[in-house]
Structures are given as structure tokens and as C-alpha cells.
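Heads up, the thing below is written out as C-alpha cells.
No value in this document is a laboratory result; all are computed from the given coordinates. All figures in this text were calculated on a predicted structure; none of them were measured in a lab. Positions of Cβ are generated from backbone atoms using ideal geometry, with glycine treated the same way; all protein chains shown enter the neighbour counts.
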Amino acid sequence: MEKEAIGNFCRGRFAWVGYPDDLGIKNVNGRPGAAEGPARFLEFFKRLKGQTDLLGACVVESRVDVGENLEQNHEFAAATTREALGRLDLERDVLLAVGGGHDYAYPWFRAFQQSLPEGAKLACLNVDAHFDLRPFEPVMTSGSPFRRLIEEGVLQPGLFAEFGIQSHCNSGELFQYAEDRGMSVIPMESLRGGKAVDAFRETLAFLSDHADHVLISLDLDALSFAYAPGVSAPQAEGFTASEVFQMLEIAGSDKKVASLGIFELAPPLDVQDLTSRLAAQAAWHFLNARIQ
């Protein structure tokens, strides 16, 4: 489903794509609910105000039609994302993607790789408590997207940063996998005491210097449960809302950043829509920094 949006555009525009599916979460025995994330996100995003007409800058609003076959759903998602990208000029415009399980980082990233000129360098900064580097065989899961992208040659490990990783919810095998491939891993314990925003700025600057485009993937379980209870795997420790908003303002101000993906929003698990409101405001801060 696609909706044309007409308005007085500012300096940039954006396209919105929703991935209303949590089959990948179910495949890893996680708590379902993220299939309802895109719809609830839009409900709260469209209530937000500001000096910049962000809604008027939206040129595409698309949701992926999903079924019970996850691989097929991913193909549909990649095609829908490519169609949205075809309406944008990535020198100034951005794509906003909302899930859904984090497995949708796979078709999201792959759609960019398929849409960009051959040889373009594409980087990813994943803000997450988990590596999401689990094996994708025999079944794809929400914990598998980046391993699949790497092993299929779509994502270069040297252009991939894992930001906010928490030791207690990742196996030693995953730490070894990341180390063996030379990924940048910034653990949560190194970001305590107000260090997160500056470290994010430095990490993004490195990726931006070495790539043509950077994608920011925000798994909402990177935030503390106090701020984001509506996720499949909430964490006691994590980023604050303020830290995430500041990080996304930095990302929105970087012209190499081509997209923000927000994943794992699960409204049925939420408390008074706290996580849905946070996700909407996070996107607002990102877009407001870009579209002025």
C-alpha cells in the first residue's frame, strides 16, 4: 500500500516504509508483538509538531504486505524499499524504515545495496544490546540479519559498527565472530557515565569518512527498560531517551546518513505507549535535524 503525500517541502524529503511482521522474532522464541509496531508508530508520529513541516516532507508512505513465509516477506520488503528509494535523491533525502523484527534489517540494507551504483560503499551503525549475528540457517531469525548480510557479501565487516552491546545477552561465539571479522564493537560498559553521545559521534564520523552512505539501525532494546518496555527482549541497563535523541540528531545532521531503521517496537508489550511515543520522537529528532 502506498500513499502520495503532498506538501510544501523543505530542504529535504523522506520516504517511510513499514515492516509489520514478527515471524523472525517467533523463530528465535522471542515475545511477539512487533507486527503492530509500524501502525502504532505512525499514530504517534503524525501527532508531533514543530517549526518544520515534517509530514509535508514525506513523499512515500508504504507498508509491506506480509504473509506466513518469512523469506517471501523479505523479498516483498526489499522490493517495496527499492521502490521508495527510487523516489528519493540520497544527496539530500532519507528513508525512514520501521519494523517489525530486526530481521528486516536484512531486506532494508540489501535494498540499498541493490539501488546504489556499483562500487558504492555502504556502512551500517547498529545501536543495539545484541549483536544480531546468529546463524540464519536452518531458519532466519530476528537475531540473524547482520551475519547474513556479511556472509552474502552485502555488508563489509570493516564498515559495520555494533554500538551498545551488552555482554550478558550475547554468547562468547558471537564476540569471537565479530573479532575475527574486524568489526567495530563498542560495549555498553564503555559508554557509561555520559560517554555515549560523544562515542556515537566518533563512531559515525569514522564510518562516514570511509563510506558513501551510512545506515543507522536502532533496535529499541538498546534503551533501558525504563524508557522502552515495549520490546521483545528489554534490558535493565541501556541508553536513555535523551541520549538516543541526541545521537539521532547527530546522525540526521550527517549528509552521508541515508536512512534510519527503527526495529522491535512491540505495542502489545508496551506500558502506556511509552515505547511507541519514544520511537516516534526518535524519528522526529532525526528528521528534524535533516529536513530544515
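Within the same chain, aspartates and glutamates fewer than 8 places from Lys46 are excluded, and of the rest, those with a Cα less than 17 Å from its Cα are Glu2, Glu4, Glu36, Glu61, Asp273.
With the convex hull of the Cα atoms taken as the outline of the chain, the averaged projected area works out to 13.4 nm². Listed peptides 49-57, 105-113 appear in the order 105-113, 49-57 once ranked by packing, highest mean of other Cβ atoms within 10 Å at the front. How high is the relative contact order of the stretch 2-290? Use alpha-carbon pairs under 8 Å, at least six apart in sequence, and give a whole percent. Computed value for the stretch 2-290: 23 percent relative contact order. Measuring between their Cα centroids, the stretch 60-91 and the stretch 183-257 lie 25 Å from each other.
Counting beta carbons within 10 Å around each of Arg290, Arg40, Arg87 and listing the fewest first gives the order Arg87, Arg40, Arg290.
For the stretch 206-292, what percent of Cα pairs sit more than 23 Å apart? Distances greater than 23 Å cover 24 percent of the Cα pairs.
In terms of surrounding Cβ atoms within a 10 Å radius of their Cβ, Thr80, Thr240, Thr275 rank from fewest to most as Thr240, Thr80, Thr275. Cross-link reach is defined here as a Cα-Cα straight distance under 30 Å, omitting same-chain residues fewer than 8 places apart; for Lys121 the lysines meeting it are Lys195, Lys255, Lys256. Legend: ranking of residues His213, His130 from fewest to most surrounding C-beta atoms inside 10 Å; resulting order His213, His130. Run the Debye formula on the Cα coordinates of the stretch 92-229, all scatterers equal and no solvent, and tell me log10 I(q)/I(0) at q = 0.09, 0.13, 0.15 1/Å. Here log10 of I(q) over I(0) equals -0.25, -0.54, -0.73. With Cα atoms as the point set, the radius of gyration and Dmax of the stretch 67-170 evaluate to 13.9, 42 Å. For the chain, the 222 nm mean residue ellipticity estimated from helices alone, with every DSSP H stretch of n ≥ 4 adding -39500 (n - 2.57) and the total spread over all residues, rounds to -10500 deg cm²/dmol. Packing, taken as the mean count of other beta carbons within 10 Å per residue, orders the peptides 247-254, 177-184 from highest to lowest as 247-254, 177-184. If both residues of a DSSP beta bridge must be in the chain, then about 10% of such bridges are antiparallel.
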